[in-house]
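Let me begin by presenting the structure, written as structure tokens, before commenting on it.
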Amino acid sequence: MNRNIKDLGQALFKKKIYIILITMIFAMTGICYTITNVKYVASQKFLVEDIEKVETYQEIIKGSVVLEKVVENLRK
């Protein structure tokens, strides 16, 4: 078992330049990916078939009955 580990160590030592280069490539790739600062934006679209209903709902929501309930629930 020790012989296998020793052989592996010698093989890695001989290939150290490749290991260093591959590590640097991965590190630079990670840095570049992080620097690009990708931003995701969520969006929503509503399909409104009856604009009059939407306007009615807006008025209902703004009404005192609904607002009083909201205030009441926030106080709990």
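Only the coordinates and a few stated rules stand behind these numbers; no lab work does. Source: prediction; values computed, not measured. Ideal geometry is used to build each Cβ from the backbone, glycine not excepted, and the neighbour counts take in all protein chains shown.
Annotations
- Residue-by-residue Karplus 3J(HN,Hα) for region 56-62, coefficients 6.51, -1.76, 1.60, Hz, glycine and proline x: 5, 4, 4, 5, 5, 4, 6
- Label-point gap, in nm, between Tyr18 and Ile31 - each point 7 angstrom along Cα→Cβ: 2.4
- Read-out percent of Cα pairs over 14 Å apart, derived from the coordinates shown; its label in [x] 81; [y] 56; [z] 74: [x]
- All lysines inside 18 Å of Lys53 as judged from Cα atoms, apart from same-chain residues fewer than 8 positions distant: Lys45, Lys62
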